[in-house]
1. Taking the conditions exactly as written (assigned to a loop (DSSP other than H, G, I, E, B) and of a type in the set (Gly, Ala, Ser)), does Ala206 satisfy them or not?
2. Being surrounded by 14 or more Cβ atoms within 10 Å (Cβ to Cβ), part of a loop (DSSP other than H, G, I, E, B) and not charged (D, E, K, R) is the filter here, so list the residues in the range 210-237 that pass it.
3. Go through the range 238-354 and tell me which helices (runs of 4 or more DSSP H), entirely inside it, have 2 or more residues that are in the same structural domain as Thr96 (by TED's automatic domain parsing) and of a type outside the set (Asp, Glu).
4. Would a scan of the range 133-150 turn up a residue that is small (Gly, Ala, Ser) and over 17 Å from His334 (Cβ atoms)?
5. Name the single residue that is farthest from Pro107 (Cα to Cα) among those in the range 127-172 being part of a strand (DSSP E or B) and in contact with a helix residue (DSSP H, G or I) (Cβ under 9 Å, 6 or more places away or on another chain).
6. Any residue that is in the same structural domain as Ala178 (by TED's automatic domain parsing), modelled with pLDDT of 95 or more, exposed (fewer than 14 other Cβ atoms within 10 Å of the Cβ) and not in a helix (DSSP H, G or I) - is there at least one of those in the range 72-83?
7. Can you give me the number of residues within the range 106-137 that are touching a residue at least 40 places away in the same chain (Cβ under 8 Å), at negative phi and in contact with a strand residue (DSSP E or B) (Cβ under 7 Å, 6 or more places away or on another chain)?
8. With the checklist (1) surrounded by fewer than 23 Cβ atoms within 10 Å (Cβ to Cβ); (2) within 11 Å of the chain's Cα centre (by Cα) in hand, flag the one item Pro186 doesn't pass.
Amino acid sequence: MTVYLDYSATTPVIKEVADLVMKLMTEEYGNAGSRTHDYGAAAKRVVENARAQVAEIAQVDKSEVIFTSGATESNNIAILGLREFAEQSGKKHIITSKIEHKAVLEPIEHLEQLDFDVTYLNATSGGQVDIEQLKSALREDTLLVSVMHINNETGAIQPIAEICQLLADHEAYLHVDAAQSYGKYPFDLDNNRIDFISVSGHKLYAPKGVGALIMRRRGFLKPPLKPIYFGGGQEKSLRPGTLATPLIAGLGLACEVASKNAEVWLTHASELKDEFIAAVTELGAAVNGHNTSPYVVNFSVPGINSEAAIVKLKNIIAVSNGSACTSSSYTPSHVLSAMGLDTNRIEGAIRVSFGINTRDIPYDDITSALRSLL
């Protein structure tokens, strides 16, 4: 049986979450927006409980959480929702990095087409944003700084605490895409200097199709976000549409489970990562990225193309060579390119990612398959 090692792409739904989602789909199926009967009231209580569960991880008030369809939508609301404020205030400068997910880069590119000025930070060879470049890029009219927490391809952990310190006396809003870290890597996101955090359910053992956007107040002031589409007053008038109560409950419970088990999960992943690196190092593999998440290994073996390797490994392990969102037609990774890696190393890069269900990895079969390509 093929061993699944692509948890950065998506995770299985854990049993207690699946059981809760099924119950709310088939037994307690009220609409949280229905105020005239107990079914609706019960659904609303479920949503508010989930809101508190999500909020707990970032140490925010539950009123600062809105539910979305996933981190992509959350990113779009956080970025595009600032457009009106930017135009009114004259602050139309955005800073982001070249290693962000397309769900951040493309909304920013859209604003760039609307005469916003964008600075794209370089990455170090280890995959982190360049703090000194960020410091130099800050301007009086800087509206937004958007930097992810953990990179989805390399697992490189970004210097969020340093960025928060750098922005301590600056009014720019700080957005952190935490799709790969929320609940699993519980560090830095409780920093009050972070204004927006994007959350993805299906990276955290919850269902696909649900996520959240955390919007911290500054004192008593809410961030000046405006809706980017319309059709109802749900979710604080920022995100219209009937709430997916079962999925929201699943995300909430997944966050609670993660909060209780994060330390154990991290230890387990770290052990797997060390073992995997030791195995592929025998083939001369180079790890792409420094200071990376315990859940991810991105590596290249000299002389081996990643597409050929993935085909060879298909019945042994399920892995990838980049973001699942761009894997249908392979193009060289913009993340690895931004790190300055050479073409052969980029074309040979394979991403392996671990999860709570990862147990026995067939290292001998993996190394034998890869060695056959040399």
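1. yes
2. Scanning the range 210-237 gives Val210, Pro223, Leu225, Pro227, Ile228, Gln234.
3. Where helices (runs of 4 or more DSSP H) fall fully within the range 238-354 and carry at least 2 residues being in the same structural domain as Thr96 (by TED's automatic domain parsing) and of a type outside the set (Asp, Glu), they are 245-281.
4. yes
5. First, the residues of the range 127-172 that are part of a strand (DSSP E or B): 129, 142-146, 150, 156-157.
Still in the running and in contact with a helix residue (DSSP H, G or I) (Cβ under 9 Å, 6 or more places away or on another chain): 129, 143-146, 156.
Numbers: Val129: 19, Leu143: 15, Leu144: 13, Val145: 13, Ser146: 11, Ala156: 22 Å.
Here the residue is Ala156.
6. Checking the range 72-83: not a single residue is in the same structural domain as Ala178 (by TED's automatic domain parsing), modelled with pLDDT of 95 or more, exposed (fewer than 14 other Cβ atoms within 10 Å of the Cβ) and not in a helix (DSSP H, G or I).
7. To start, the set of residues in the range 106-137 that are touching a residue at least 40 places away in the same chain (Cβ under 8 Å) comprises 122-128, 137.
Checking which are at negative phi leaves us with 122-126, 128, 137.
Cutting the leftovers down to in contact with a strand residue (DSSP E or B) (Cβ under 7 Å, 6 or more places away or on another chain) gives us 123, 126, 128, 137.
So the answer is 4.
8. Going through (1) surrounded by fewer than 23 Cβ atoms within 10 Å (Cβ to Cβ); (2) within 11 Å of the chain's Cα centre (by Cα) one by one, Pro186 breaks only (2).
The values are calculated or read from the model by the stated rules, or taken from the named source; none is laboratory data. Bear in mind that the values here come from a model prediction, so they are computed numbers and not experimental data. So basically every Cβ, Gly included, is an ideal-geometry build from the backbone, and we count neighbours across all protein chains shown.
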